[in-house]
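Every number here is computed from the coordinates shown, using simple stated rules; none is lab data. Being a predicted model, the structure only gives us computed values, none of them experimental. Note that each Cβ is placed from the backbone with ideal geometry, even for glycine, and that neighbours are counted across all protein chains shown.
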Amino acid sequence: MRYILFLNANKHMKENIVFGKKVNAADSIQNGSRLYLSVYELFAESTHVINAKSRDMATSLFLFDQDGHVVNSSSLLSQFTGKLSRINSLVLIRTLDSTEKPYKIADWNQGIPGDTSFSPAVCTTLDSFRYDAYWQARDPRGHVGCREWTAQLYDPGRPYVDVTTYSKRGNFIGELVGWSRFEDPPKPVIGMQGKQWLCLHECPAGERPGVIADLRAWTRKHGYPMPERPPRQPLYPDSEYQDDLNEFWNY
């Protein structure tokens, strides 16, 4: 795995960092009742803010080498190595002291049995709610999750990853996790926040993350097609794969 990237509104990213610190401090007081520490605490070491008119966005990036070592410039994060646990949790362990409690960063999710278009994928607990029947159309956390990201990552004809939640109330970028492997070509991560398009990560030709002033000119410059609104969001809800899921659970 080359990187894992968390996206959220900057306001909510800050709230998550505070929450993670509180949860981990409480775990220490309670003699370690939690299986894993919250990775939110580590977001403070890896967050980049992208300014936008409607609301500022934030990304939190974890970079890995091919041995799983974290290679962020942060002296704290560079002490960790990524591992896959026995229960398919992606965790960060101290490279020099694996006896310390790991931080859970995400889940390695197998998705829909037999499907390879958007699975396996790096997902979070939020994604398990995002794809079930009770997910609300007005949920402010957005309708783009790990399946939508991974389908675009796996699609060789897709030059970028669009993380826009398209809404009649106004398009926005919600809360999600993304990722990439070493065999994947770098793909810009773009999204529409309010009336502005943003490039959030791995912007082309050395461009820095930020506002895309003219999306049509930008796509023309880089030889990309214009983004298109998908037929529905989330694009890959469990309800579309109920027969496969029933067969799996009844096997």
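For this structure, a couple of remarks:
- Rounded D (µm²/s) - region 27-110, Kirkwood Rh over Cα pairs, Stokes-Einstein at 37 °C, 0.692 mPa s: 233 µm²/s
- Residues of type lysines that LYS83 reaches as a straight line, Cα spacing below 18 Å, ignoring anything fewer than 8 places off in the same chain: LYS101, LYS104
- Three-way shape call for region 14-161 based on the alpha-carbon gyration tensor, with the a/c threshold at 1.5: rounded
- Ranked by the mean number of other Cβ atoms within 10 Å per residue, highest first, peptides 181-194, 224-237 order as 181-194, 224-237.
- Each Cα pair under 8 Å and six or more residues apart adds its sequence gap; the mean of these over the residue count of region 84-184 is a relative contact order of 20 percent.
- Whichever aspartates and glutamates have a C-alpha closer than 14 Å to that of LYS168, once near sequence neighbours (fewer than 8 apart) are set aside: ASP139
- Separation between Cα centres of region 113-132 and region 192-223, rounded to whole Å: 27 Å
- Globularity index of region 146-215, i.e. its alpha-carbon radius of gyration over 2.2 N^0.38 Å: 1.10
- Counting DSSP beta bridges with both ends in region 24-158, the antiparallel % (nearest 5): 90 percent
- The structure-derived value of Rg and Dmax of the Cα atoms in Å appears in the list (i) 19.3, 55; (ii) 18.3, 57; (iii) 21.1, 74 under the label (ii).
- Translational D in µm²/s for region 130-251 (Stokes-Einstein at 20 °C, 1.002 mPa s, Kirkwood Rh from C-alpha pairs): 137 µm²/s
- Counted charge near PHE62, where neighbours are those whose Cβ lies closer than 12 Å (Asp, Glu -1; Lys, Arg +1): -1
- Spatially proximal lysines relative to LYS221 (Cα-Cα < 27 Å; intrachain offsets below 8 disregarded): LYS53, LYS187, LYS195
- With a cut-off of 11 Å between beta carbons, the residues surrounding ASN10 carry a summed charge of +1, where Lys and Arg count +1 and Asp and Glu -1.
- Local net charge near MET192, Cβ-Cβ under 14 Å (Lys/Arg +1, Asp/Glu -1): +4
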